[in-house]
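Peer 1: Once you've had a glance at the structure underneath, I'll fire off some questions.
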Amino acid sequence: MNLTITDVRLTPILVADPPLLNTQGVHQPYTPRLIVEVETADAVVGFGETYGDTKYLELARPFAEKLIGRQVSDLNGLFAVADEVAVAETRVSGQVDVGGLRGVQTADKLRLSVVSGFEVACLDALGKALGLPVHALLGGKVRDAVEYSAYLFYKWAGHPAGVAAEKDDWGAALDPAGVVAQARLFKERYGFTSFKLKGGVFPPDEEIAAVRALAEAFPGHPLRLDPNGAWSVATSLRVAEELGDVLEYLEDPALGTSAMAEVAAGTGVPLATNMCVTTFAEIAEAFGKGAVQVVLSDHHYWGGLRNTQQLAAICRTFGVGVSMHSNTHLGISLAAMTQVAATVPGLHHACDSHYPWQSEDVLTERLVFEGGKVAVSDAPGLGVEVDRERLRALHQRWADDDGGLRERDDAAAMRVAEPGWVTPGVPRW
Ligand SMILES: [Mg+2]
């Protein structure tokens, strides 16, 4: 068996995205993703997926060149490669530091997001070469299916008139009745039993009413609300007080570890985050201050599946819960999330996934949610197959784009409907 990497292919694509609203704006009609392929001397091909904006591509290209001749089994070596690439890139483009829905964006996080795409591709190839599922390479599954939550969004019925976009059949959701109708569809189509609402879109009282309506429609079901740090400490505490009896947790009500710690000190409602704990370096302060009770891991920006396991072990040590965050993603990433989640003991909260919102995929067969769960594949690698024609078509869309959609920019998408729109300052309420 020859595990030497002989070719690496990077395919940026644009995938259809419905008009989902958040505190920064609205999803663009198409979102960039990057599909990573590594091929071994034995012609085994492994696939990975990560963010596809230009800044990720710029790091991924030199990274890919450096992988030729290395072993797909050398997963630790990927971090050394990332260091080499990052040093070269920093000289060219400098540090990145822009606030976003995933916390502060740093050059380090960009680098780890690129590593994750390659790590997943290497694990997929290694698993295929050895005839083992990825979960076996990660130590073995502790469950046969991974539970996901319905990821509810306020949304428009369609993208603004005149904008090139794919149609979706979810309809609008702009008030409590719309949110409940959307939740019913999610339950009907996928069997989800826990519900998360993306908040920070409307004044808190409207979002409180929506969660109340969900609680009435689905009594006893776990509910979450995530305004992406849009609220002050006082507003966060008021919402926690009003919804404390129905919330499983409140996700990033206020921005930053200090504000989260203040909220945590004033309520018994657990706080979850994918914004103030997004790197290993942020853990000590947040856990020390008791700022978060659940960390929502994301294998993309935490640097891969094995880093996700390490994060889970740290959380377990400190009695902090763990679950998973999601950005717009396709089936390769859902398969990767499911494989690693299958190996994490004490996963007590359903993971988030945008997958139901993505009508397009690069797989020959879409992954399926049954009873809100994805079965853990025992097939070699990730257990998914890529449809080359679909991949080519979605890449063509990227190639044909004038560059306007190659960077995810929810505020720019909102300006199409509301020309004066700027991302609101924080706290917004
Ligand atoms: Mg979140």
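Peer 1: With the requirement that a residue be surrounded by fewer than 20 Cβ atoms within 10 Å (Cβ to Cβ), over 25 Å from the mean Cα position of the chain (by Cα) and outside any strand (DSSP E or B), what does the stretch 27-65 give you?
Peer 2: Selection gives Ala41, Asp42, Ala43, Glu65.
Peer 1: Could you grab me the full set of residues in the stretch 348-377 that are of a type in the set (Asp, Glu) and touching a helix residue (DSSP H, G or I) at 6+ places or on another chain (Cβ under 7 Å)?
Peer 2: Glu360, Asp361
Conditions tested, residue by residue: (1) outside any strand (DSSP E or B); (2) not assigned by TED's automatic domain parsing to the domain that holds Val344.
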| site | (1), (2) |
| --- | --- |
| Ser116 | yes, yes |
| Val146 | no, no |
| Ala161 | yes, no |
| Lys167 | yes, no |
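Peer 1: If Arg415 meets every condition in (1) assigned by TED's automatic domain parsing to the domain that holds Asp226; (2) in a helix (DSSP H, G or I); (3) within 30 Å of Leu255 (Cβ to Cβ); (4) not hydrophobic (A, V, I, L, M, F, W, C) apart from one, which number is that one?
Peer 2: All conditions are met except number (1).
Peer 1: Same structure, new question: In this structure, is Asp410 of a type in the set (Asp, Glu), at pLDDT 95 or above and under 24 Å from Glu58 (Cβ atoms)?
Peer 2: yes
Peer 1: Out of all the residues in the stretch 200-219, which are touching a residue at least 60 places away in the same chain (Cβ under 8 Å) and within 16 Å of the ligand (Cβ to nearest atom)?
Peer 2: Gly200, Val201
Peer 1: Filter the stretch 233-284 for residues that are in a loop (DSSP other than H, G, I, E, B) and either at pLDDT below 95 or within 16 Å of the ligand (Cβ to nearest atom) (or both) and give the result.
Peer 2: Once the filter is applied, which keeps residues that are in a loop (DSSP other than H, G, I, E, B) and either at pLDDT below 95 or within 16 Å of the ligand (Cβ to nearest atom) (or both), the stretch 233-284 yields Asp252, Pro253, Leu255, Gly256, Val269, Pro270, Asn274, Met275, Cys276, Val277, Thr278, Thr279.
Peer 1: On the basis of being modelled with pLDDT of 95 or more, away from the ligand (no atom under 16 Å from the Cβ) and among the aliphatic types (A, V, I, L, M), does Ala291 make the cut?
Peer 2: Spelling it out, it is not the case that Ala291 is modelled with pLDDT of 95 or more, away from the ligand (no atom under 16 Å from the Cβ) and among the aliphatic types (A, V, I, L, M).
Peer 1: Just to be sure I understand, how many residues within the stretch 334-354 are within 16 Å of the ligand (Cβ to nearest atom) and closer than 19 Å to Thr31 by Cα?
Peer 2: Residues that pass the stated criteria total 3.
The values are calculated or read from the model by the stated rules, or taken from the named source; none is laboratory data. Note that the coordinates shown come from a computational prediction; the quantities given were computed from them, not determined experimentally. Heads up, the Cβs are rebuilt from the backbone with ideal geometry, glycines too, and the neighbour counts pull from every protein chain shown.
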